[in-house]
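Participant: Below is the structure I would like to discuss, written out as structure tokens.
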Amino acid sequence: MRASLTPDKVVFVIPGDPESRTGGYIYDRRIMSGLEELGWRVELCNLGEGFPFPNDVVRDTSAKQLSALPDSSLVVVDGLAGGVLPDEMGALAKRCRLVALVHHPLALETGLRPEDQARLRRSEAEGLAHAHRVIVPGPATARSLTQDYGLEPGRIGVVRPGTDPIPRPQVRPARQTAGVALLIVATVTPRKGHDLLIEALRRLAGLPWTLTCVGSMHRDPAYARKVLGAIEDGGFTERVHMVGEVAPDQLARYYQAADAFVLPSYLEGYGMVLADALAQGLPIISTSGGAIPDTVPDGAGILVPPGDLEALAQALEKIIRDPTLRKRLGVAAARAASALPTWPESSASFARELRKAGS
């Protein structure tokens with residue numbers, strides 16, 4: 001692969017803390033690292049905090065940072081920033097080769113006020129119109145940008161997230177002991193559906209289960225408090241464990257200890273944690289929101305409509321009650337994992353998309 005790619009230079013424009021342990025930031029970091037492995041010179045331009053609702057000071061500082069980038073640069077702007085800086089994107093596109101990296105449309109985030117949703121949709125459409133190329137993590141996001149934002153399909157490239165190879169996906173025998181260990185890995189925000197999950201489990205309080213929730217509780221403190229309140233109201237403080245963000249080696253241990261993976265998200269641009277669950281041979285309960293059906297193949301999980309409490313509770317009951325079902329879905333998940341791209345493969349695909357933008 002190295003012989004087919006001439007070393008080049010690219011600038012990644014990313015808002016917020018690039019070390020954040022969320023899917024979009026992990027994707028950005030792994031792609032940047034992979035490009036460096038392929039011989040690219042990668043620079044980071046960090047626009048700071050406050051996105052996607054930056055204040056005037058952050059906007060002014062961001063505009064100055066972008067205007068300082070050298071002419072003719074190849075620049076990748078993360079959609080968390082590009083979607084709210086349409087004027088700056090337009091100015092940048094006039095003198096640089098501009099690539100928009102859209103993890104999922106900002107306007108589709110759960111819990112937005114209608115006026116914020118409309119404003120984000122307008123600014124995203126304007127910003128994307130300036131990009132010479134748009135890269136997305138999955139075909140569902142590509143379809144959304146084509147149908148909802150009017151982008152030509154030929155301007156969009158799909159680069160799926162990678163997975164870390166393991167010698168053999170861990171297909172674990174179903175446990176016969178009391179207590180099915182459920183795992184969700186997601187930042188505690190409305191889009192991920194933690195409150196819906198707790199309510200569904202409340203209906204199954206008489207069944208043997210535990211739930212471990214891995215992910216930051218600081219992105220939306222008010223929503224996190226709501227989830228914690230639901231856990232206390234349900235009497236689940238001994239059964240639901242909110243562990244916050246964890247290091248990668250700790251996260252791997254949580255996957256290994258789980259019997260099933262749950263993600264009742266309303267929308268995913270890809271769902272990297274779902275791919276990780278497949279790679280661990282875990283049966284999955286999730287939704288049909290966004291790209292999830294593209295990530296979780298038939299037979300590897302149970303997908304329900306987003307926001308459907310009754311369907312989610314029924315799926316959870318099946319998984320908890322039926323060890324044979326858990327084993328069958330886990331075997332299918334492990335089989336599907338063999339078709340997932342590795343991070344080096346994803347980085348090589350990203351490099352090819354950069355070549356198209358730079359030509």
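Participant: Give me the pairs: first residue in the range 219-244 and free of Cβ contacts under 8 Å to residues at least 60 places away in the same chain, second residue open to solvent by 70 Å² or more (accessible area, probe 1.4 Å) and not in a loop (DSSP other than H, G, I, E, B), beta-carbon distance under 8 Å, and six or more apart or on different chains, which are they?
Facilitator: Listed pairs, sorted by first residue: 230/199; 230/202; 234/202; 236/202; 242/228; 243/254.
Participant: Checking the structure you have, find out if any residue of the range 240-259 is open to solvent by less than 30 Å² (accessible area, probe 1.4 Å), within 30 Å of residue 145 (Cα to Cα) and touching a strand residue (DSSP E or B) at 6+ places or on another chain (Cβ under 9 Å). Reasoning before the result, please.
Facilitator: Start the filter on the range 240-259 by keeping residues that are open to solvent by less than 30 Å² (accessible area, probe 1.4 Å), which leaves 240, 244, 246-247, 255, 258-259.
Keeping just the survivors that are within 30 Å of residue 145 (Cα to Cα) gives none.
Scanning the range 240-259, I find no residue that is open to solvent by less than 30 Å² (accessible area, probe 1.4 Å), within 30 Å of residue 145 (Cα to Cα) and touching a strand residue (DSSP E or B) at 6+ places or on another chain (Cβ under 9 Å), so the answer is no.
Participant: To continue, here is another question. For the range 181-213, what are the residues that are open to solvent by less than 10 Å² (accessible area, probe 1.4 Å), among the aliphatic types (A, V, I, L, M) and not in a loop (DSSP other than H, G, I, E, B)?
Facilitator: 182, 183, 184, 197, 198, 200, 201, 211, listed by residue number.
Participant: Let me ask something else. How many residues are crowded, with 18+ Cβ neighbours inside 10 Å and either under 15 Å from residue 53 (Cβ atoms) or within 21 Å of the chain's Cα centre (by Cα) (or both) if we restrict to the range 87-111? Working first, answer last.
Facilitator: We begin by selecting, within the range 87-111, every residue crowded, with 18+ Cβ neighbours inside 10 Å; these are 88-89, 92-93, 96-108.
After this cut, where a residue has to be either under 15 Å from residue 53 (Cβ atoms) or within 21 Å of the chain's Cα centre (by Cα) (or both) as well, the list is 99-108.
Looking only at that region, the number is 10.
Participant: Residue 78 - would you say it is in contact with a strand residue (DSSP E or B) (Cβ under 6 Å, 6 or more places away or on another chain) and among the acidic types (Asp, Glu)?
Facilitator: Numbers: in contact with a strand residue (DSSP E or B) (Cβ under 6 Å, 6 or more places away or on another chain): yes; among the acidic types (Asp, Glu): yes.
Yes.
Participant: Anything in the range 267-317 that is in contact with a strand residue (DSSP E or B) (Cβ under 7 Å, 6 or more places away or on another chain) and either charged (D, E, K, R) or surrounded by fewer than 24 Cβ atoms within 10 Å (Cβ to Cβ) (or both)? List them, or say none.
Facilitator: Hits for the range 267-317 are 275, 276, 279, 288, 293, 302, 303, 304, 305, 306, 311, 315.
Participant: Next question. Report the residue count in the range 47-78 for those that are surrounded by 16 or more Cβ atoms within 10 Å (Cβ to Cβ), of a type in the set (A, V, I, L, M) and either within 22 Å of residue 219 (Cα to Cα) or over 24 Å from the mean Cα position of the chain (by Cα) (or both).
Facilitator: 7
Participant: Among the numbered criteria (1) over 27 Å from residue 324 (Cβ atoms); (2) of a type outside the set (A, V, I, L, M); (3) at pLDDT 95 or above, which one does residue 212 miss?
Facilitator: (1)
Participant: Can you find even one residue in the range 272-279 that is touching a Leu at 6+ places or on another chain (Cβ under 9 Å), in contact (Cβ under 8 Å) with a residue 40 or more places away in the chain and either in a loop (DSSP other than H, G, I, E, B) or more than 20 Å from residue 326 (Cβ to Cβ) (or both)? Break it down stepwise before answering.
Facilitator: Start the filter on the range 272-279 by keeping residues that are touching a Leu at 6+ places or on another chain (Cβ under 9 Å), which leaves 273-279.
Restricting the remaining residues to those that are in contact (Cβ under 8 Å) with a residue 40 or more places away in the chain gives 273, 275-279.
Next, from what is left, pick out any that are either in a loop (DSSP other than H, G, I, E, B) or more than 20 Å from residue 326 (Cβ to Cβ) (or both): none.
So far as the range 272-279 goes, no, none of its residues is touching a Leu at 6+ places or on another chain (Cβ under 9 Å), in contact (Cβ under 8 Å) with a residue 40 or more places away in the chain and either in a loop (DSSP other than H, G, I, E, B) or more than 20 Å from residue 326 (Cβ to Cβ) (or both).
Participant: Considering (1) of a type in the set (Gly, Ala, Ser); (2) assigned to a strand (DSSP E or B); (3) open to solvent by 10 Å² or more (accessible area, probe 1.4 Å), say which one residue 332 fails and leave the rest.
Facilitator: The single condition residue 332 does not satisfy is (2).
Participant: Residues to consider are 204, 98; find the one that is at pLDDT 95 or above and in contact with a His (Cβ under 7 Å, 6 or more places away or on another chain). If you could, list the steps in order and put the result at the bottom.
Facilitator: On the way: 204 fails: in contact with a His (Cβ under 7 Å, 6 or more places away or on another chain).
Within the list 204, 98, the selection yields 98.
Participant: A further question on this structure: Going by the conditions given, is residue 44 within 27 Å of residue 355 (Cβ to Cβ) and touching a Leu at 6+ places or on another chain (Cβ under 9 Å)? Can you show your working first?
Facilitator: Working: within 27 Å of residue 355 (Cβ to Cβ): yes; touching a Leu at 6+ places or on another chain (Cβ under 9 Å): no.
No: the conditions fail for residue 44.
The values are calculated or read from the model by the stated rules, or taken from the named source; none is laboratory data. Quantities reported herein were computed from a predicted structural model and do not represent experimental measurements. Note that we place each Cβ from the backbone using ideal geometry, even for glycine, and neighbour counts take in every protein chain shown. When the accessible area is computed, the model is the full protein with side chains, heavy atoms only, and any ligands, DNA or RNA have been set aside. Shrake-Rupley method; radii C 1.70, N 1.55, O 1.52, S 1.80 Å.
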